[in-house]
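**Q** Sharing a structure here in structure tokens format.
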Amino acid sequence: MRKNHYLLIAAVFLVVFDILLYLVYSHSYEFILFKGTGYFIPLLLNVGFLMYIALRFGKWWMYILPSILAFVLGIYFVWIFILNSVVSWQHDSIRSPLGQERLTIAHRSATLGETTYYYEFYKSSFMGLIVKKLDGMDFEIMIRDSREKGDLEVLNVKSPTWVNETTVIFHTLHGDRTVVLE
């Protein structure tokens, strides 16, 4: 009876975790912890739990679903590994002057003769663990002679101008870019 009690607690925890993930993702938010891996870690938790259930009950047919999910998860892991090795995003955050807002900047660069810098912006909430992508704020900057400048150096993230707590102006190498945190 005691072992079934732990199984029930684990099942409730997993269902609550899945519902929480569903609610967060359905409202266009994302967990910053899962930003690079997407759904890999939540799927891994679900597959592991389903395997645990199959082991506890010892029925051969209970291994079918976790095995299929583990196979799909393996393919997904290889896809993430290949994608992250080709296109790897870095994430950095800056705070507003009063510290009420936090802007997370996803950035990467691609070089082929000239360097193109890509930027995406996210508004952080819930202690910086959950982020929401700011629609229409993405941009890219192409520089022909970058002399190996870093992504954040091109954006000039060290000295932005905060108009107010929700508007920031970056003085980039190609002019000013305004980002609104709403």
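**Q** Kindly indicate the residue of region 159-170 that is farther than 14 Å from TYR119 by Cβ and assigned to a strand (DSSP E or B) and also most open to solvent (accessible area, probe 1.4 Å) among those meeting that condition.
**A** Step one: list which residues in region 159-170 are farther than 14 Å from TYR119 by Cβ, which gives 159, 161-167.
Next cut, assigned to a strand (DSSP E or B) only: 161-164, 167.
Numbers: THR161: 59, TRP162: 44, VAL163: 91, ASN164: 74, THR167: 25 Å².
Ranking the candidates gives VAL163 first.
**Q** Can you work out which of the residues in region 20-36 that are part of a helix (DSSP H, G or I) and open to solvent by 90 Å² or more (accessible area, probe 1.4 Å) is modelled with the lowest pLDDT?
**A** Within region 20-36, the subset part of a helix (DSSP H, G or I) is 20-26, 32-34.
Within this subset, residues satisfying the condition of being open to solvent by 90 Å² or more (accessible area, probe 1.4 Å) are 22, 33.
Working: TYR22: 85, LEU33: 63.
Within region 20-36, the match that is modelled with the lowest pLDDT is LEU33.
**Q** Within the bounds of region 83-98, is there any residue that is farther than 24 Å from LYS132 by Cα, surrounded by 11 or more Cβ atoms within 10 Å (Cβ to Cβ), modelled with pLDDT of 75 or more and of a type outside the set (Asp, Glu)?
**A** Within region 83-98 (the criterion being farther than 24 Å from LYS132 by Cα, surrounded by 11 or more Cβ atoms within 10 Å (Cβ to Cβ), modelled with pLDDT of 75 or more and of a type outside the set (Asp, Glu)), the answer is no, since none of the residues qualifies.
**Q** Name the residues in region 102-158 that are hydrophobic (A, V, I, L, M, F, W, C), open to solvent by 20 Å² or more (accessible area, probe 1.4 Å), closer than 26 Å to PHE31 by Cβ and not in a loop (DSSP other than H, G, I, E, B), would you?
**A** Result: ILE130, PHE139, LEU152.
**Q** Inspect all residues belonging to region 173-182 and state whether any of them is of a type in the set (Lys, Arg), without any contact (Cβ under 8 Å) to a residue 60 or more places away in the chain, over 25 Å from LEU23 (Cα atoms) and loosely packed, with under 15 Cβ neighbours inside 10 Å. Walk me through how you get there before you give the answer.
**A** Taking region 173-182 as the starting set, the residues that turn out to be of a type in the set (Lys, Arg) are 177.
Okay, now just the ones that are also without any contact (Cβ under 8 Å) to a residue 60 or more places away in the chain, so 177.
Of the ones still in play, those that are also over 25 Å from LEU23 (Cα atoms) are 177.
Then drop every residue that is not loosely packed, with under 15 Cβ neighbours inside 10 Å, which leaves none.
No; the residues of region 173-182 include none that is of a type in the set (Lys, Arg), without any contact (Cβ under 8 Å) to a residue 60 or more places away in the chain, over 25 Å from LEU23 (Cα atoms) and loosely packed, with under 15 Cβ neighbours inside 10 Å.
The values are calculated or read from the model by the stated rules, or taken from the named source; none is laboratory data. Since we're looking at a predicted model, the values are computed, not measured. Don't worry about glycine lacking a Cβ; one is built from the backbone with ideal geometry, like all the others, and counts go over all protein chains shown. Please note that ligands, DNA and RNA were not included when accessible areas were found on the heavy atoms of the full protein model with its side chains. Shrake-Rupley method; radii C 1.70, N 1.55, O 1.52, S 1.80 Å.
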